[in-house]
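Below is one structure, written out as structure tokens; the observations come after it.
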Amino acid sequence: MTHTLGIDIGTFESKGVLVDAQGHIIASASRPHKMIVPRAGWAEHRADEDWWGDFVFLSRALLAQSGLDPAQIKAVATSAIGPCMLPVDAKGAPLMNGVLYGVDTRATDQIEALNAQIGADTIHRRCGNALTSQQVGPKILWLKETHPDLYAQTAMVLTSTSYLTWKLTGEYVIDHYTAANFSPLYDIARQDWTDDLAPNILPLEKLPRLMWSTEIAGHVTAEAAAETGLAIGTPVTCGTIDAAAEAVSVGVQHPGQMMMMYGSTIFIIQVTAEPVHDARLWYAPWLFPGTHASMAGLATSGTLTHWFRDQLARDTDFPTLVAEAQESPKGAKGLLCLPYFSGERTPIHDPHARGAFFGLNLTHTRADMFRAVVEGIAAGTAHVLETYAEAGASPAQVMAVGGGTKNALWLQATSDFGGVAQQVCAKTVGASYGNAFLAAVAIGAAKPADIARWNPNERTVEPEAVPSYAVQYPLWKRLYAQTRDIMQALP
């Protein structure tokens, strides 16, 4: 029987699954790791320890758990957080920690300089994306300007997934969906690298070869086989960013379908028939030729709930916190939380934004504060959904996925603030399951439409009319606008 392996490297945890030809999970494993924050606004991972080390651990754990002969695994697909920036030397060795996606805001000066040099409108028209902390191009320029010694040694700039694929196959490749986040180095009309806009960032030969996500990038090398336990010659797909694989895992494939991923951040992907041109959102070619995707993401979501637990509730766990918060009334007794604890991505794209609790009094409890945190994240998500509507791209169907779907409070608050129903599939494993499916598609063992059979819808979370939310949501948006200048002045 055909089996496929899917592994995903997340912000705080990596997951892997082995799946049979019918989509049944025959083995699963996970491994936690840390996000490194050397200073405010920075976010990093160690490429060998966190990305490749987790892959090796999970691959061997899954093989041991399943008892499968490695030769029975017919294809491997990976995904990882992204887009990231990792310079490697001529031997493929990392020259520094991997710089993470939009939660890392170190390249603010470079973004401003590139916008001034090229023109924000030109960048958006050619690249499909405004220059924000999500884009890799400014981070490469940051490397060049602040660490010229490392830049001089750089033979290739990779992202997290392309590093894994290189370790497995010896091939430097990247999928179009991920590459579109390398603005201003990717031309969306030609779907190719370009140095027309910024010829001084990086020679194009130092960027990986472009492919589609389900194309076979190469095969497991003898060295990789010895480390992972996989069979030499096993096909490996190009791979993609974790959020895209997560969307695939719950059946997002047709225009109008949207994924709502509940993880370290909220990340949203909607498949569209044509590109959505709105600078507040992100654009990329979808995983298959001829389709498009419009994306959005908050900077802190699950990360913020982790912060709350670690700093204010070390004596308890998440189920207890959620149970406590459910005893607090909707609206948290008038307490508002701005969830901008690491700046914010869409739709405001403000790296200087700061988190805040507003309205605290001596009657408020830990439960009220945690509910306010969750409701603040839900309000931020509603702000994104409002932006999609203003761009003429309201979703026809929303699929929820990720670890946060276990948090009933969070799911319901998101539906209530956003006014959308959310479908939750039987399997909420996420990106690793989507990878296993993409691996099956890559070798012809499954068709894209088969995901509905692999992972059917199990339940729907319907929105409820909440009077306090109707009052609080516009106040929440005003709170950010009225405190922005103060927040930007904070050290």
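The values are calculated or read from the model by the stated rules, or taken from the named source; none is laboratory data. This one's a predicted model, so the numbers in the text were calculated from it and none came from an experiment. In this analysis, Cβ positions are derived from the backbone assuming ideal geometry, glycine residues included, and neighbour counts consider all displayed protein chains. With ligands, DNA and RNA removed, areas are computed over all heavy atoms of the protein, side chains included. Shrake-Rupley method; radii C 1.70, N 1.55, O 1.52, S 1.80 Å.
Can you tell me which residues in the stretch 323-368 are buried (at least 18 other Cβ atoms within 10 Å of the Cβ), among the polar types (S, T, N, Q) and more than 30 Å from GLN134 (Cβ to Cβ)?
Scanning the stretch 323-368 gives a single hit, SER328.
Could you tell me how many of the residues in the stretch 103-136 are under 13 Å from GLY343 (Cα atoms) and either basic (Lys, Arg) or out of contact with any Pro (no Cβ under 9 Å at 6 or more places or on another chain) (or both)?
Counting residues in the stretch 103-136 that are under 13 Å from GLY343 (Cα atoms) and either basic (Lys, Arg) or out of contact with any Pro (no Cβ under 9 Å at 6 or more places or on another chain) (or both) gives 3.
Just checking, how many residues over the stretch 350-377 are farther than 20 Å from TYR262 by Cα and at pLDDT below 95?
So the count comes out to 6.
Restricting the search to the stretch 120-132, which residues are in a loop (DSSP other than H, G, I, E, B) and open to solvent by less than 20 Å² (accessible area, probe 1.4 Å)?
Those that are in a loop (DSSP other than H, G, I, E, B) and open to solvent by less than 20 Å² (accessible area, probe 1.4 Å): GLY128, ASN129, LEU131, THR132.
Return the residue satisfying two criteria in turn: it lies in the stretch 53-82 and is in contact with a His (Cβ under 8 Å, 6 or more places away or on another chain) and assigned to a strand (DSSP E or B), and of such residues it is least open to solvent (accessible area, probe 1.4 Å).
Checked the stretch 53-82; the qualifying residue least open to solvent (accessible area, probe 1.4 Å) is ILE73.
Test of understanding: among THR460, THR483, which residue is open to solvent by less than 40 Å² (accessible area, probe 1.4 Å), in contact (Cβ under 8 Å) with a residue 24 or more places away in the chain and either touching a strand residue (DSSP E or B) at 6+ places or on another chain (Cβ under 9 Å) or under 25 Å from SER14 (Cα atoms) (or both)?
Selected residue: THR483, the only one of THR460, THR483 that is open to solvent by less than 40 Å² (accessible area, probe 1.4 Å), in contact (Cβ under 8 Å) with a residue 24 or more places away in the chain and either touching a strand residue (DSSP E or B) at 6+ places or on another chain (Cβ under 9 Å) or under 25 Å from SER14 (Cα atoms) (or both).
In the list MET96, MET85, MET156, which residue meets the criterion of being buried (at least 24 other Cβ atoms within 10 Å of the Cβ), at pLDDT 95 or above, more than 25 Å from VAL276 (Cβ to Cβ) and aliphatic (A, V, I, L, M)?
Residue meeting the stated conditions: MET85.
Where residues in the stretch 389-418 are surrounded by fewer than 23 Cβ atoms within 10 Å (Cβ to Cβ) and in contact with a Lys or Arg (Cβ under 8 Å, 6 or more places away or on another chain), which of them is farthest from ARG371 (Cα to Cα)?
Going through the qualifying residues, I end up with ALA391.
Among the residues of the stretch 167-179, what is the count of those that are part of a helix (DSSP H, G or I), touching a strand residue (DSSP E or B) at 6+ places or on another chain (Cβ under 8 Å) and surrounded by fewer than 24 Cβ atoms within 10 Å (Cβ to Cβ)?
The number of residues fulfilling the criteria is 2.
Find the strands (runs of 3 or more DSSP E) located wholly in the stretch 345-437 whose residues include 2 or more that are under 21 Å from the mean Cα position of the chain (by Cα), and list them.
Answer list for the stretch 345-437: 397-401, 422-425.
Sort out which residues of the stretch 438-470 are assigned to a helix (DSSP H, G or I), touching a Gly at 6+ places or on another chain (Cβ under 8 Å) and farther than 22 Å from GLU246 by Cα, and write them in order of number.
SER468, TYR469
Would you tally the residues in the stretch 133-153 being in a loop (DSSP other than H, G, I, E, B) and buried (at least 21 other Cβ atoms within 10 Å of the Cβ)?
Number satisfying all stated conditions: 4.
Quick one: what pairs do we get from the stretch 177-205, first residue over 22 Å from ALA152 (Cα atoms) and of a type in the set (D, E, K, R), second open to solvent by less than 10 Å² (accessible area, probe 1.4 Å) and part of a helix (DSSP H, G or I), C-beta under 8 Å, 6+ apart or different chains?
ASP187/CYS127
Can you name the residue in the stretch 287-317 that is farther than 30 Å from CYS238 by Cα and open to solvent by less than 50 Å² (accessible area, probe 1.4 Å) and is also modelled with the lowest pLDDT among such residues?
Only one residue tops the list, namely THR316.
What pairs can you find where one residue is in the stretch 61-79 and among the β-branched types (Val, Ile, Thr), the other is assigned to a strand (DSSP E or B) and buried (at least 19 other Cβ atoms within 10 Å of the Cβ), and their Cβ atoms are less than 6 Å apart, with a gap of 6+ or different chains?
Pairs found: ILE73/HIS3; ILE73/LEU5; VAL76/LEU5; VAL76/VAL236; THR78/ILE7.
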